[in-house]
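Comments concern the structure below.
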Amino acid sequence: MSHHQPLSFQPQNLKPFKDLQRSIHLSTQYCDSTSTTSRHKTYHLCLRACTSRRSNDNNQAEVAISRRTANYPPSLWDYDFLQSLKSEYTEEKHMLKQSHASPLSLLKLVDTIQKLGIDYHFDDEIKVALDIVDSTKDMDICGGDLYTIALRFRLLRQHGYQVSPDVFQSFGEKLRIGALKHVDKLENDNVMGILSLYEASFFAFEGEDIMDEAQQFTVKHLTEFIRSTDPQSMISKQVRHALELPLQWRAPRFETCWFLAIYAHTSTAQEMDPLLFEFAKLDFNMVQATHQHELVYSSRWWRELDLTTVCHFARSRVAENFLGHVGFYHEPKFGYCRKKCAQVSQFLYTIDDMYDVYGSIEELRLFTEAVERWDINRLEHLPPYMKIVFFALYNTINEIAYEVLRKHGLDVIQYLKNAWSDLCKAYLVEAEWYNNGYTPTLEEYLENGWLSIAVPMLQIHFYFLLDDYQITKEALDCFKTDYPDMIRWTCLIIRLADDLATSTDELKRGDVPKSIQCYMKHAGVTEYMARKHIKYLISETWKKINTNEAKALSIFPKSYINALKNITRGCQCYYSPGDGFGIPDTHIKSWILSMIVEPIPFFLKEAKSLNPFLFHTHKVAIG
């Protein structure tokens, strides 16, 4: 695979951001769409042979087992359609120049660049800009303006600068008595200030009470604002979007897709830079072309693996699965990780459905033991369909371990195998609960549930596949002893978000009680109160992540920590409107079309036809 060419910057002098003439040369990003190797085909034939020989392997007649079915609908995305994906944006070139700006303008520019999804081109420049902002006194930049103070706080916190919530002390009493200027009659400028404070509040550390007060205040007044404002106005739409999920909880690529449409409707020249917008659209389309190549590869790989023939009970969600990985790490340089982790997570649907709805408890115990042993010579007791699943999993994970060994000289199969073993054990615990009719306490459920959500296994694979840093002994030691806290916390959030969205449908399919039902039973509360408690746990766990990120960065590289946070954000986006995996013809269909299939119109006039509210598929809970 040929790599994205580095961008060239041509400053006219050496002073940071002084008369800077930035030239950005964006060139072709190609993806390796080479057909599956003969090695894949060989073990694929072996799997088929396994099926044909099952009468010889098992002399005893197979005992009829009464099995459940989840009646999942078929995939919306036809194989031929996925194979036909192509884009005209694979050879475009574009130049953009950006001149010097004041510290206040830099704040707004960095914020815009991040939302447009092109910040990965400007890592060094953003660092220089924020160094300037950090070294400038608050009042020199902000002049007491709530919007700018909150924006400065949010961006500095996001990028790891030391910034105290004391910057909001001057607003503290006003927050408590509701005496902010024009708070009872919010005008657009005031709304943007309160919205900026709302977004900043989600970067709070543990114990920062003033940020909790700010969040309560802003939610109250923004909710009142959208009640009394034209729902079709741009500002009302932006407020609704923020109240659904704050920026800190949104996957960047998902936000970019939405913000490009918002930016197209920005009216004033001071707020909208046409050149920046053109570059962002072109970059979006070129990155999308890369993603299309990768989805073609994933679709072909899954088709040739052909597990769906044997595992007819499982969900086939190639496009939906790949969309998740686009949200987790969308940059072109992570293409190899996206392709490999999409393969890994595709197995999750099959194995999850095997434990949830199809396998008998005896079969599931045998499969769990097989994964723990990781030995293809000791599968004689597995039923034929489980042998095929294990063979396919075994070959795929071993191939990943081989690639890591070849590139880094490290044998990581034990880490990968242990991650799968932990997952299957967690799945088995829930299957035993269901089989015995047992409802655990919330604490007991979550102690197993953060593992059974399957993301810890995926995050272990992330570390070895992101491939833009050196694998360190310190990090490997963390994986040897236990899962790092950052993995635990991110996975706990995903488990809770998943339960909020899917528990009702999963209970109908015969799944184990989820966190909501566990809390309802043992705390004796209503479903409304249980859901409120689960949302509180999500918010508190995000504070732990915010507080301890600097500590995690002392062990793990920034791109890995960002991937951990982005998978959390991506899942919160996925689950916020409902279950997009079990029921595919929902918001996920629109997201796949807008993020992977359909390019952004290049010309401004055409771009203004974009629907900036594509992602608003559910109502904000008011009151």
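The values are calculated or read from the model by the stated rules, or taken from the named source; none is laboratory data. Bear in mind that the values here come from a model prediction, so they are computed numbers and not experimental data. Glycine gets a Cβ as well: all are built from the backbone with ideal geometry, and neighbour counts include every protein chain shown. Heads up: the accessible areas ignore ligands, DNA and RNA and are worked out on the full protein's heavy atoms, side chains in. Shrake-Rupley method; radii C 1.70, N 1.55, O 1.52, S 1.80 Å.
Condition test on ALA475, is it farther than 22 Å from TYR349 by Cα and among the small types (Gly, Ala, Ser)?
On the way: farther than 22 Å from TYR349 by Cα: yes; among the small types (Gly, Ala, Ser): yes.
Spelling it out, ALA475 is indeed farther than 22 Å from TYR349 by Cα and among the small types (Gly, Ala, Ser).
Determine the pairs where a residue that is under 21 Å from GLU362 (Cα atoms) and touching a residue at least 40 places away in the same chain (Cβ under 8 Å), located within region 380-406, has a partner that is among the hydrophobic types (A, V, I, L, M, F, W, C) and open to solvent by 20 Å² or more (accessible area, probe 1.4 Å) with Cβ atoms under 7 Å apart, the partner being 6 or more residues away or on another chain.
Partner pairs satisfying both residue conditions: TYR385/VAL310; ILE388/VAL310; PHE391/CYS46; PHE391/ILE376.
Being open to solvent by 40 Å² or more (accessible area, probe 1.4 Å) and polar (S, T, N, Q) is the filter here, so list the residues in region 425-466 that pass it.
Let us first name the residues in region 425-466 that are open to solvent by 40 Å² or more (accessible area, probe 1.4 Å), namely 425, 429, 432, 434-438, 441, 443-444, 447.
Answer for region 425-466, where residues must be open to solvent by 40 Å² or more (accessible area, probe 1.4 Å) and polar (S, T, N, Q): ASN435, ASN436, THR441.
Quick one: in region 192-212, of everything that is under 24 Å from the mean Cα position of the chain (by Cα) and of a type outside the set (A, V, I, L, M, F, W, C), which residue is most open to solvent (accessible area, probe 1.4 Å)?
Going through the qualifying residues, I end up with GLU206.
Keeping to region 400-420, report how many residues are more than 20 Å from GLU372 (Cβ to Cβ) and assigned to a helix (DSSP H, G or I). Walk me through it before giving the result.
Initially, region 400-420 is screened for residues more than 20 Å from GLU372 (Cβ to Cβ), giving 402-410.
Still in the running and assigned to a helix (DSSP H, G or I): 402-408.
So the answer is 7.
Can you find a residue that is within 22 Å of VAL404 (Cβ to Cβ), out of contact with any strand residue (DSSP E or B) (no Cβ under 9 Å at 6 or more places or on another chain), among the β-branched types (Val, Ile, Thr) and open to solvent by less than 10 Å² (accessible area, probe 1.4 Å) anywhere in region 333-345?
Within region 333-345, the subset within 22 Å of VAL404 (Cβ to Cβ) is 333-345.
Now restrict to residues that are out of contact with any strand residue (DSSP E or B) (no Cβ under 9 Å at 6 or more places or on another chain): 333-345.
Filter again for among the β-branched types (Val, Ile, Thr), leaving 344.
Filter again for open to solvent by less than 10 Å² (accessible area, probe 1.4 Å), leaving 344.
Checked against the condition, which is being within 22 Å of VAL404 (Cβ to Cβ), out of contact with any strand residue (DSSP E or B) (no Cβ under 9 Å at 6 or more places or on another chain), among the β-branched types (Val, Ile, Thr) and open to solvent by less than 10 Å² (accessible area, probe 1.4 Å), region 333-345 yields at least one hit.
Pick out the one residue from ASP306, ASP273 that is closer than 18 Å to ASP80 by Cα, surrounded by fewer than 21 Cβ atoms within 10 Å (Cβ to Cβ) and acidic (Asp, Glu). Don't jump to the end; show me each part of the working.
Values: ASP273 fails: closer than 18 Å to ASP80 by Cα.
Unique residue meeting the criteria: ASP306.
Among residues belonging to region 77-128 that are over 29 Å from LEU295 (Cβ atoms), of a type in the set (Gly, Ala, Ser) and open to solvent by 50 Å² or more (accessible area, probe 1.4 Å), point out the one that is modelled with the lowest pLDDT.
SER99
All but one of (1) under 30 Å from VAL163 (Cβ atoms); (2) at pLDDT below 95; (3) in contact with a helix residue (DSSP H, G or I) (Cβ under 9 Å, 6 or more places away or on another chain); (4) not hydrophobic (A, V, I, L, M, F, W, C) hold for GLU474; state the number of the condition that does not hold.
All conditions pass for GLU474, except number (3).
Can you pull out every residue in region 547-561 that is more than 23 Å from GLU447 (Cβ to Cβ) and part of a helix (DSSP H, G or I)? Talk me through it step by step, then tell me what you get.
Restricting attention to region 547-561, the residues satisfying the condition of being more than 23 Å from GLU447 (Cβ to Cβ) are 549-550, 553-561.
Selection gives GLU549, ALA550, LEU553, LYS558, SER559, TYR560, ILE561.
Give me the residue from region 309-324 that is open to solvent by 30 Å² or more (accessible area, probe 1.4 Å) and not in a loop (DSSP other than H, G, I, E, B) and, out of that set, nearest to SER84 (Cα to Cα).
Quick first cut of region 309-324, residues open to solvent by 30 Å² or more (accessible area, probe 1.4 Å) only: 309-310, 312, 316.
Subset that is not in a loop (DSSP other than H, G, I, E, B): 309-310.
On the way: THR309: 23, VAL310: 26 Å.
Going through the qualifying residues, I end up with THR309.
Taking the conditions exactly as written (more than 24 Å from PRO601 (Cα to Cα) and not aromatic (Phe, Trp, Tyr)), does LEU295 satisfy them or not? Steps first, answer last, please.
On the way: more than 24 Å from PRO601 (Cα to Cα): no; not aromatic (Phe, Trp, Tyr): yes.
Criteria not met by LEU295.
Which of (1) aliphatic (A, V, I, L, M); (2) open to solvent by less than 20 Å² (accessible area, probe 1.4 Å); (3) at pLDDT below 95; (4) closer than 24 Å to THR350 by Cβ is the odd one out, the single condition VAL296 does not satisfy?
Exception for VAL296: condition (3).
For region 482-491, indicate whether the set of residues that are surrounded by 14 or more Cβ atoms within 10 Å (Cβ to Cβ), within 22 Å of LYS551 (Cβ to Cβ) and polar (S, T, N, Q) is non-empty. Talk me through it step by step, then tell me what you get.
Step one: filter region 482-491 for residues surrounded by 14 or more Cβ atoms within 10 Å (Cβ to Cβ), giving 483-491.
Filter again for within 22 Å of LYS551 (Cβ to Cβ), leaving 483-491.
In the following step, the residues that additionally are polar (S, T, N, Q) were identified as 490.
Yes; the residues of region 482-491 include at least one that is surrounded by 14 or more Cβ atoms within 10 Å (Cβ to Cβ), within 22 Å of LYS551 (Cβ to Cβ) and polar (S, T, N, Q).
Mind listing just one residue for me: the one in region 224-258 that is among the polar types (S, T, N, Q) and open to solvent by 20 Å² or more (accessible area, probe 1.4 Å) and, of those, modelled with the highest pLDDT?
Restricting attention to region 224-258, the residues satisfying the condition of being among the polar types (S, T, N, Q) are 228-229, 232-233, 236, 238, 248, 256.
Checking which are open to solvent by 20 Å² or more (accessible area, probe 1.4 Å) leaves us with 228-229, 232-233, 238.
On the way: SER228: 88, THR229: 87, GLN232: 84, SER233: 85, GLN238: 92.
Selected residue: GLN238.
Is region 342-355 home to any residue that is modelled with pLDDT of 95 or more and either assigned to a loop (DSSP other than H, G, I, E, B) or basic (Lys, Arg) (or both)?
no
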